[in-house]
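Q: Sending over a structure as structure tokens; questions will come in a sec.
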Amino acid sequence: MIFILLRVLPRLGGVLSALLILMVLALICYAVLARYFFNAPLPWSDEMLGYLMVATAFLGLSSVLLDDRHIAIDLLTPLFSGAVQKAFNLLGYAVVFAVAIVFLYASWETLTFNRNFGLYSVGELDAPIWVTQIPMALGSALLALAAATKFIERLLNITPESRS
Amino acid sequence: TETMRCAHQFPPTHTVAQAIDKWAAEIETQSKGELQVQIYPANSLVSAKEIIPAVAKGDIECGFAINFSWGRTLPAMLVTTAPFAFSDVEVWKKWPTSDAAHFLEQKLEGKGLKHLTWMFQTNTSVFTSNGKYLKAPEDFNGIKIRGLVPPFNAGLEKMGASPVSMSGGEVYQALSTGALDAGLTDIAAAVSRKYYEVQDHMTVFPIISVYAHGFANPRWYSNLSDENKQVLQAAGLMGAEWALELSEEAVADAPQQLRDKGVNLHVATAEEQQALSDVMLPAFKESFAKWAGDDTDELIKLIEKLQ
Amino acid sequence: MTTILIFLGLLALLLAGVPIFAALAATGIAVLAFFGENVTAIGDTLYATMDKSILATIPLFVFMAQVMIRGHVIDDLYQFAHNLIGHIKGGLGVATVLSCTIFASISGSSVATALSIGSSAIPQMVKYGYQRKSALGVVAAGGTLGILIPPSGPMILYSIVTDASIGALFLAGLVPGLLVALLFSVYCVFNAYRGKMSSPEYPGHAAVLKSAKKAFWALMMPPFVMGGIYLGVFTPGEAAAAGSLYALIVATVIYRRFKLKELKQALMETMQVSLMVFAIILGAHIFGHAITIIRLPAEIAEWVISVGFSKWGFILMVMAIIFVMGMFLESIAIILITTPILLPAMVALDIDLIWYGVLLMVNLELAMITPPVGMNLFVIKGITDAPLSEVISGSVPYVLLMLAGLALLILIPDIATFLPYGAGYGQ
Ligand code: NA
Ligand code: NA
């Protein structure tokens with residue numbers, strides 16, 4: 001049960017990220033239409049795309065990790081015995097976890113600083129930057145959660161089959 | 001010795017980048033090597049948007065920003081994008097020691113940054129276009145032009161133009177293919193970025209002023225010796241002069257260079273400037289007031305004293 | 001010394017199988033901590049890295065290719081090439097190269113190209129007497145054209161790091177890409193005259209016309225997307241969006257092979273593929289930030305100047321290093337690690353960034369088929385279950401051909417640069 005719960009949140013991040021890609025597609029198509037057919041270019045689309053890319057990139061990281069699809073070099077590891085391979089796997093998830101925690105900490109510090117500093121975007125949206133950085137912290141937290149889940153599952157030799 | 005890491009966004013050949021290099025060398029000489037300045041140009045360490053928070057936080061000791069990169073974070077810095085308010089270069093010669101500059105330096109301190117130097121970039125802009133000059137407000141009706149900051153864009157929109165947001169690298173191609181009808185750039189950049197290859201008409205307007213300014217992390221600054229603080233003060237004033245000189249050189253050669261490349265170049269008359277100003281300035285002021293609040297009134301008065 | 005330690009640390013993590021993005025980020029963070037820098041500074045780096053509208057082109061080009069694959073539009077492309085030239089001697093090999101070339105100009109990725117052509121082309125070639133290893137080799141190598149012939153995800157990344165124009169880079173890759181495709185085709189024909197393979201019968205003009213009709217909308221895609229960029233209708237980002245829309249319309253309305261289920265699959269796959277890339281971009285930027293703050297690139301630039309390298313000496317040295325890195329590393333990581341380090345030196349030596357970009361792409365194409373780590377080798381192994389050694393030995397001739405192409409581009413930079421500069425792109 002707990003593992004299902006731990007997996008649902010990161011998955012949700014992946015779905016959100018995929019939907020954001022669809023939104024990016026829609027926004028660009030709308031901007032092109034506005035420019036050519038209504039002669040009214042959107043002055044804010046470029047800026048908005050930047051924020052959407054930040055959200056897309058961070059929210060989905062965890063989902064990709066759950067499927068073990070982050071690119072790694074599996075050149076040496078297959079040469080070792082099962083136990084050593086397991087140790088390498090655990091090391092991998094541990095490093096991802098540590099990195100995710102630093103991402104989370106740095107994102108949090110950055111967004112609270114920018115909030116107190118009152119940093120705004122320069123473009124038409126006038127966005128408070130810290131708000132656009134929330135997905136960065138959220139995505140890092142999900143990544144940490146996913147890495148912890150994978151680590152524990154590997155440690156206890158839980159496979160998707162044995163879980164369900 | 002103290003190491004001072006300075007990030008900026010200008011490519012090494014830009015006049016401001018050259019002024020910064022001279023300024024850095026001056027600091028090292030005057031401090032007899034006690035202050036070591038490491039320059040990271042062209043966004044190589046911190047990207048333009050992140051320089052302000054990076055210095056404020058103390059990730060690096062020093063950075064440079066263009067005035068309009070402050071946006072609503074410190075709107076007073078945008079005051080020189082008011083159409084035609086800063087057309088006289090004499091204003092800029094008096095600027096670094098003026099009350100108006102001091103006012104902005106204090107605003108900066110309020111934001112948690114220590115001012116170091118003012119580096120003037122340009123007050124000579126060109127509107128670039130194809131087939132006809134953009135010199136009267138009605139010429140702008142219906143054209144797609146690369147936008148600047150929202151209050152300035154409000155002035156463009158008042159004339160019927162559509163400001164488009166676009167990253168700098170894409171502008172050349174957009175102009176060449178007609179995705180943009182017109183550009184606004186400083187005249188030296190019209191040469192260095194080869195806009196003359198894709199635009200055949202240009203009108204020179206002293207419409208906005210652009211400056212970069214250097215600032216330091218205040219906690220780092222306060223730990224410096226008094227001698228080193230004085231070095232930074234003196235070098236800051238010298239840097240401001242160098243930037244102005246380098247910019248004037250670049251601006252002086254530009255019109256002939258553009259004409260040599262076959263550009264139809266028109267220098268806007270006083271009447272043409274006035275006509276544009278009459279339409280754009282009220283729209284700018286209205287939009288700017290929404291942004292900036294009332295403290296800019298005082299700044300505008302101080303600036304009027306300079307003229 | 002520090003430099004060596006940093007790179008050894010990174011290498012150790014990579015070889016231990018730690019995901020590349022995490023290995024890069026962890027090394028960067030360790031460097032920052034060791035030198036007493038502010039680790040929270042990476043918050044700004046992470047944000048600035050992704051806060052770029054141009055990055056939207058990556059998922060959109062991936063999505064476009066995904067829709068084409070899942071709508072089975074690619075099968076028609078291959079069928080057309082097969083009918084058109086399959087009957088000439090060596091024609092099946094040439095047809096494979098041709099369909100790789102066409103698909104390369106739809107997809108921004110080499111893996112996608114090898115993947116989508118491989119499953120139809122390999123069985124056909126084997127059926128007509130091609131040695132299996134040559135069949136595997138031609139697809140592995142033909143697939144690599146995906147990043148040289150525009151659009152190209154790696155070129156987009158390179159342009160983000162160097163600020164070189166994407167439009168100019170895309171245009172610069174076109175002729176070299178066709179040149180490499182030509183080299184491959186010539187080799188296929190040459191091979192056919194030595195070997196015992198046969199060719200299918202010519203199916204007749206009617207069949208060729210019929211398959212051309214079926215493939216028409218897919219064939220129109222490259223001119224629509226790339227033409228849109230060069231006629232100035234679209235920016236590259238907009239072209240990717242318009243291309244995705246085009247692919248969606250073709251696959252759903254015209255081919256009727258694309259339903260909600262396929263859309264969902266295509267979207268999730270796009271998300272995963274894009275995020276693998278984005279993750280490495282993030283990791284590489286943290287690593288890059290860390291080594292920049294300890295002034296490694298500046299020191300390398302100073303060293304290059306003090307040694308007095310010529311432009312050519314420098315290019316040869318860098319190409320050799322990247323070739324070796326390409327044997328072990330994955331191309332996105334190579335671009336993002338090496339480019340920022342080398343950029344100051346390239347500027348100092350006045351090296352044309354568009355030209356270098358194309359050299360880099362050809363070298364990265366090589367990386368995809370050089371053992372032990374080559375993405376296209378793995379893809380072909382994955383879809384055929386052939387032993388890796390067989391895929392590798394089949395690819396060897398193509399490695400040599402690409403090296404010849406690379407040498408040609410180094411000797412005659414105009415092959416790459418005449419199109420973009422002729423079209424008016426500034427430097
Ligand atoms: Na491609
Ligand atoms: Na390789």
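Q: In nm, give the distance between the simple-model label positions of residue C:295 and residue C:321, each being 7 Å from the Cα along the Cα-to-Cβ direction.
A: With each label point 7 Å from Cα toward Cβ, the separation is 1.9 nm.
Q: Report the extension gain between residue C:30 and residue C:302 in nm, rounded to one decimal, defined as 0.36 nm multiplied by the number of residues separating them, less their alpha carbon distance.
A: Length gained between residue C:30 and residue C:302: 95.4 nm.
Q: Could you tally the net charge around residue B:226, taking each other residue with its Cβ under 14 Å from the Cβ of residue B:226, Lys/Arg +1 and Asp/Glu -1?
A: -2
Q: Add +1 for every Lys or Arg and -1 for every Asp or Glu among the other residues with Cβ under 10 Å from the Cβ of residue C:235, and state the total.
A: For residues surrounding residue C:235, the net value is -3.
Q: Counting only DSSP beta bridges with both residues in the protein assembly as shown, what percent are antiparallel, rounded to the nearest 5?
A: Bridges in the protein assembly as shown are about 60 percent antiparallel.
Q: Using a 1.4 Å probe on protein heavy atoms, which residues of region B:21-68 have at least 30 Å² less accessible area in the complex than alone?
A: Output list: B:38, B:40, B:45, B:49, B:50, B:53, B:57, B:59.
Q: A further question follows. For region B:164-307, what is the accessible area per residue in Å², given a 1.4 Å probe and the full set of protein chains?
A: 45
Q: Accessible area lost on pairing B with A, both sides, 1.4 Å probe, Å² to nearest 100?
A: 1900
Q: Could you state the accessible area per residue of region B:67-112 in Å², with a 1.4 Å probe and every protein chain left in place?
A: It amounts to 34 Å² per residue over region B:67-112.
Q: Follow-up question, since we're still on this one. Gain in length, residue C:209 to residue C:87, computed as 0.36 nm per residue apart minus the alpha-carbon separation, to one decimal in nm?
A: Gain on stretching residue C:209 to residue C:87: 42.4 nm.
Q: Can I ask one more? With a 1.4 Å probe and every protein chain left in place, work out the accessible area per residue of region C:189-305 in Å², rounded to a whole number.
A: 46
Q: Rounded to two decimals, what is the ratio between the C-alpha radius of gyration of region C:331-427 and 2.2 N^0.38 Å?
A: It is 1.30.
Q: Under 18 Å from the Cα of residue B:261, which aspartates and glutamates turn up, not counting those fewer than eight places away in the same chain?
A: Qualifying aspartates and glutamates at Cα under 18 Å: B:186, B:197, B:200, B:253.
Q: Ok, one more. Chains C and A: buried accessible surface, both sides, probe 1.4 Å, rounded to 100 Å²?
A: That pair of chains buries around 4800 Å² in total.
Q: Something else: Give the ranking of B:8, B:115 by solvent-accessible surface, highest area first, calculated with a 1.4 Å probe.
A: These residues rank, largest area first, as B:115, B:8.
Q: Compute the acute angle (0 to 90°) between the alpha-carbon long axis of helix B:15-30 and the principal axis of greatest extent of the alpha-carbon atoms of chain B; round to the nearest 10°.
A: 10
Q: Could you tell me which of rounded, prolate or oblate describes region C:183-338, using a ≥ b ≥ c as the square roots of the eigenvalues of the alpha-carbon gyration tensor, with rounded for a/c under 1.5 and, failing that, prolate when a/b is larger than b/c and oblate otherwise?
A: Here region C:183-338 falls in the oblate category.
Q: Take the residue pairs B:93/B:135; B:32/B:57; B:57/B:93; C:127/C:381 and return only those whose Cα atoms are more than 30 Å apart.
A: As for pairs spanning more than 30 Å Cα to Cα, those are B:57/B:93.
Q: So which helices of chain A fit the span-like rule, where a helix is a whole DSSP H run, its Cα atoms reach 24 Å or more along the axis, and its mean Kyte-Doolittle is at least -1.0?
A: A:2-37, A:82-117, A:134-155
Q: What FRET efficiency do you get for residue A:98 and residue C:2 if R0 is 22 Å and r is their Cβ-Cβ distance, rounded to the nearest 0.05?
A: Values: r = 22 Å, r/R0 = 0.99.
E between residue A:98 and residue C:2, to the nearest 0.05, is 0.50.
Q: Tell me, what is the FRET efficiency for residue C:231 and residue C:408 to the nearest 0.05, using R0 = 22 angstrom and their Cβ-Cβ distance as r?
A: Efficiency, from the Cβ-Cβ distance: 0.15.
Q: Quick check on region B:17-64: take the gyration tensor over C-alpha atoms, sort the square-rooted eigenvalues as a ≥ b ≥ c, and tell me if it's rounded (a/c under 1.5), prolate or oblate.
A: Here region B:17-64 falls in the oblate category.
Q: If you don't mind, another one. Using the Cβ atoms and a cut-off under 13 Å, what net charge is assigned to the surroundings of residue C:74, where Lys and Arg are +1 and Asp and Glu are -1?
A: +1
Q: Next question, about the same structure. Between the alpha-carbon centers of region A:32-89 and region C:378-407, tell me the distance in whole angstrom.
A: Cα centres, region A:32-89 to region C:378-407: 28 Å.
Q: Quick one: helix B:168-177 against the long Cα principal axis of chain B, what's the angle to the nearest 10°, folded into 0 to 90?
A: Here the helix axis deviates by roughly 10 degrees.
Q: Still on this model: For region B:62-137, what relative contact order do you get, as a whole percent, if you take Cα pairs closer than 8 Å and at least 6 residues apart?
A: 22
Q: Any chance you could give the angle, 0 to 90 degrees and rounded to 10, that helix C:110-127 forms with the longest Cα principal axis of chain C?
A: 30
Q: On to the next question. Place a point 7 Å from Cα of residue B:130 in the direction of its Cβ. Which residues in region C:395-427 have their backbone N less than 16 Å from it?
A: Under 16 Å, as judged by backbone N against the label point of residue B:130, lie C:423-426 of region C:395-427.
Q: To continue, here is another question. Return the loop-located chymotrypsin sites (Phe, Trp or Tyr not before Pro) in region C:329-427 (DSSP other than H, G, I, E, B) with at most 14 other Cβ atoms within 10 Å of their own Cβ; answer none if there are none. Walk me through the intermediate numbers first.
A: Values: sites: C:355, C:356, C:378, C:398, C:418, C:421, C:425; in loops: C:425.
Passing both the DSSP loop test and the Cβ count: no residue.
Q: Evaluate the relative contact order of chain B (contact order divided by residue number), counting alpha-carbon pairs under 8 angstrom at least 6 apart; express in whole percent. Can you show the working numbers first?
A: Details: 561 pairs, mean separation 85.3, N = 307.
That works out to 28 percent.
Q: Right, another one. Enter the accessible area of residue B:284 (Å², nearest 10), with the probe set to 1.4 Å and all protein chains included.
A: 10
Q: Enumerate the residues in region C:147-179 having an amide nitrogen under 12 Å from the point lying 7 Å beyond the Cα of residue C:418 toward its Cβ.
A: C:175-176
Q: Does region B:212-307 come out rounded, prolate or oblate by the C-alpha gyration tensor, with a ≥ b ≥ c the root eigenvalues, rounded set by a/c under 1.5 and, if not, prolate when a/b is larger than b/c and oblate if not? Numbers along the way, then the final one.
A: Values: a/c = 3.00, a/b = 1.34, b/c = 2.23.
Oblate is the answer for region B:212-307, as a/c is 1.5 or above yet b/c matches or exceeds a/b.
Q: Quick one: if you stick a label point 7 Å off each Cα along the C-beta vector at residue C:202 and residue B:220, how many nm between them?
A: 7.4
Q: Next question. For n ≥ 4 DSSP H runs only, could you compute -39500 (n - 2.57) per run for chain C, divide by its residues and tell me the 222 nm figure to the nearest 500?
A: -25500 deg cm²/dmol
Q: Could I ask something else about it? Using only alpha carbon pairs under 8 Å that are at least six residues apart, calculate the relative contact order of region C:18-422 and give it in whole percent.
A: Taking the mean separation of contacting Cα pairs over the length of region C:18-422, I get 27 percent.
Q: Continuing with the same structure: Which percent of the accessible area of the protein assembly as shown is formed by carbon and sulfur heavy atoms (probe 1.4 angstrom)?
A: 63
Q: Gap in Å between the Cα centre of region C:177-195 and the Cα centre of region C:149-175?
A: 26
Q: Please identify every one of the chymotrypsin sites (Phe, Trp or Tyr not before Pro) in region A:33-122 that sits in a loop by DSSP and has no more than 15 other beta carbons within 10 Å of its own beta carbon.
A: Qualifying residues, ordered by number: A:38, A:80.
Q: From a point 7 Å beyond the Cα of residue C:132 in the direction of its Cβ, which residues of region C:353-380 have a backbone N at a distance under 17 Å?
A: C:377-380
Q: Moving on to the next point. Run the simple label-point estimate for residue B:97 and residue B:230 please: 7 Å along Cα→C-beta, distance reported in nm.
A: Inter-label distance under the simple model: 1.7 nm.
Q: Set the Förster distance to 35 Å, then compute FRET efficiency between residue B:286 and residue B:25 from the Cβ-Cβ distance, nearest 0.05.
A: Step by step, r from the Cβ atoms, then E = 0.20.
The values are calculated or read from the model by the stated rules, or taken from the named source; none is laboratory data. Keep in mind that what you see is a predicted model, and the values were worked out from it rather than measured. Glycine gets a Cβ as well: all are built from the backbone with ideal geometry, and neighbour counts include every protein chain shown. Just the protein is used for accessible areas: all its heavy atoms, side chains included, with ligands, DNA and RNA removed. Shrake-Rupley method; radii C 1.70, N 1.55, O 1.52, S 1.80 Å.
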